[in-house]
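Take a look at the structure below.
The values are calculated or read from the model by the stated rules, or taken from the named source; none is laboratory data. For clarity, every value in this text was computed on a predicted model and none was experimentally measured. As a convention, Cβ positions derive from the backbone with ideal geometry for all residues, glycine included, and neighbour counts pool all protein chains shown. Keep in mind that these areas ignore ligands, DNA and RNA; they rest on the heavy atoms of the full protein, side chains included. Shrake-Rupley method; radii C 1.70, N 1.55, O 1.52, S 1.80 Å.
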Amino acid sequence: MLGLQRYAGGVATQLFRHMHYAAYSTIKRGAGATAAVPSQADVATSTPAEKRENADMPESVSTSVRIPKGSLVAAAFESLKDENSTSTTETCKANGLSKKIDSLDERIINAKTVNGILAVSEGNGPLSRKHALKIVSILAEWSSMNRAKINEFENDARFLRICRVLGRTVANRAGAATNDKNNSKRISGFRTDDLNTVLGVAGDDEAAKLIASISLPQMVKVMSTLAQRKRRSTPLLRSLAFNISSTTDQLDLKQCADILYAMGTLNFQDSVLAAKVCADIQAVLKKNSEKSAVVGSILTSLGIMRYRDLDIMEALTQWTLNNSEICRPQDISALFITSAILNFKSSNLDDVRNKLSTSIVSADFQKSIDWLNHVWSLAMLGLVNDDQLNSVLSAEFIAKLEKVTNDLSPTSKMKLLNLNGYAQLIAKEYKGSLLAADSSVHTLPLAHSKNKQILVNGMLDALKSLLPNSNYLKSLQDSKMGFLIDAFCLFDNKRNPLPVDKQNQKAIKIALMIVDFHDVCHGTHRSASGITSLCFELLEKSGYKVIAVPYNEFNTSDKLLKRVQYLEAKFKAIISSQD
């Protein structure tokens, strides 16, 4: 029995020294570290263009053994400032019976000393895992604050009981806890995380209930870990979003970056949480004058989420302008790519053009695809110059891309076709390279997603009721600029339809384009995405009048008559504008 007690005491020592080390490491890291994240240049196209840095999270020492990570600490309660021990329960007598008026949660919160908080576990009833987690969290925080010494409770039977409730034990290693030097080495092997502690208590639903009992930094850590594990636990994410949004505590820049990274990686949309994070970014952004990586991380995540908030984008643009000398090329590129995707043009666009748009050259990127993404984003913003266009449309660049990737991806082909159309139709006096007619870039397979095709089919059904016969309509036409024209028809100036297979110089060419959920930006200021706007601009420069058919206005569940009337009104409005 004595051997068992010493073994458990050694485990407790390692556990709480690890807690102290992890809490210290978290403070030392600061806001400079950022989590790895896929490129926002390919939010709509699924091609990574940029990655953010972060230390990888190694696995646990043993898959069959779980250890609560030291950085899991409870919220810092005001009452912890008082060193004196106070009574944790009060009783009152009524009709000869004694009744407790403080809950177990209140007893834990109000405890001022190690003995006081451990005394909570001495009740006759079983201690729940939720309360055990809260006690361990508070002790961990006290240890990291030097408010309590590990040797005060490591062999205490009450503490060992709490550890058993959480099911936390680790295999003993001889001599591992004999000194701080060896202990530090062993700590590095305990690479578990807060998610193990939370999810180790119960399943997702029960774990979600425990979120309120941990501190704000640990909520952020749990959310970040979910993203790293690609685990989209909806109950847990909703609980995290609610509790983080409800707190009045201000997040720091690193925490904001981690939350946005998790939301983008897990495709988790929560407008309240996003608004809270963006507000805190604006509040603390000016204080950051040394690290651009965290700003690049935030920009990347906003692009992945397609979260459009003009205020936060303006603030991030202004910060980049003011701190351009410390910004890495990939962080400046992240500003352009996210601005392009979100269809955002700063009020300081001239400064952006003069100071930033030409500050990056192809040599700044190790991968050719990253330079293509950058030039593509400049085109969407109307900031690209002839030299930049020529650099990506040249045969040498395309050959280099093909050599690196063995074959051009559909995403790369789409972007090159966009840029080729831009060079021909929008760039004034451009005399540089264009794609060769026999280039493999033109062999781009185009198809809509299943949900978008349903909307297109519903629109085509309505158009067939408006037009005399099939030769008055063409559908799903390749624009040769990297996208499909959903429907195409001709009208004269009196709104009479004309056959599309006959040339008519005076005909009004109309392109109907479905705008589905994935073609718009979300957030405070909803708008068509930059990619969608570029497609519309290319069509207009080609001589088409574009009718956008948004998914929230045109519903396939509506009766055919209603859909026909909707499209008829659209035709009338656009043709009348030609008079």
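Here the accessible area of segment 240-374 is 45 percent carbon and sulfur, with a 1.4 angstrom probe and all protein chains present.
Segment 325-403 and segment 211-243 have Cα centres lying 35 Å from one another. For segment 262-339, the solvent-accessible area with a 1.4 angstrom probe is 32 square angstrom per residue.
Using a simple spin-label model with pseudo-atoms 7 Å out from Cα toward Cβ, Ser409 and Asn155 lie 5.9 nm apart. A simple spin-label model places pseudo-atoms 7 Å from Cα toward Cβ; at Lys494 and Lys367 they are separated by 5.8 nm.
Plainly put, segment 254-363 has a radius of gyration that is 0.94 times its Kirkwood radius, both from alpha-carbon atoms, as the Rg/Rh ratio. In this structure, the amide hydrogen of Cys521, modeled 1.01 Å from its nitrogen in the peptide plane, lies closer than 5 angstrom to those of Ser527, Ala528, Ser529, counting only residues at least 5 positions away or on a different chain. Heavy-atom surface analysis with a 1.4 Å probe gives segment 452-545 a carbon and sulfur content of 47 percent of its accessible area.
Could you work out the local net charge near Phe344, counting Lys and Arg as +1, Asp and Glu as -1, over the other residues with Cβ closer than 12 Å to its Cβ?
Numbers: positive: Arg306, Arg308, Lys345; negative: Asp309, Asp311, Glu314.
With Lys, Arg at +1 and Asp, Glu at -1, the neighbours total 0.
Temperature 37 °C, viscosity 0.692 mPa s: under these conditions the Stokes-Einstein estimate for segment 446-554, based on its Kirkwood radius over C-alpha pairs, is 224 µm² per second. Scanning residues 5 or more positions from Val549 or on other chains, those with amide H under 5 Å from its amide H are Met513, Ile514, Val515, with H placed 1.01 Å from N in the peptide plane. Which net charge results when you count Lys and Arg as +1 and Asp and Glu as -1 among the other residues whose beta-carbon is under 12 Å from that of Leu455? Neighbour charge sum, excluding Leu455 itself: -3.
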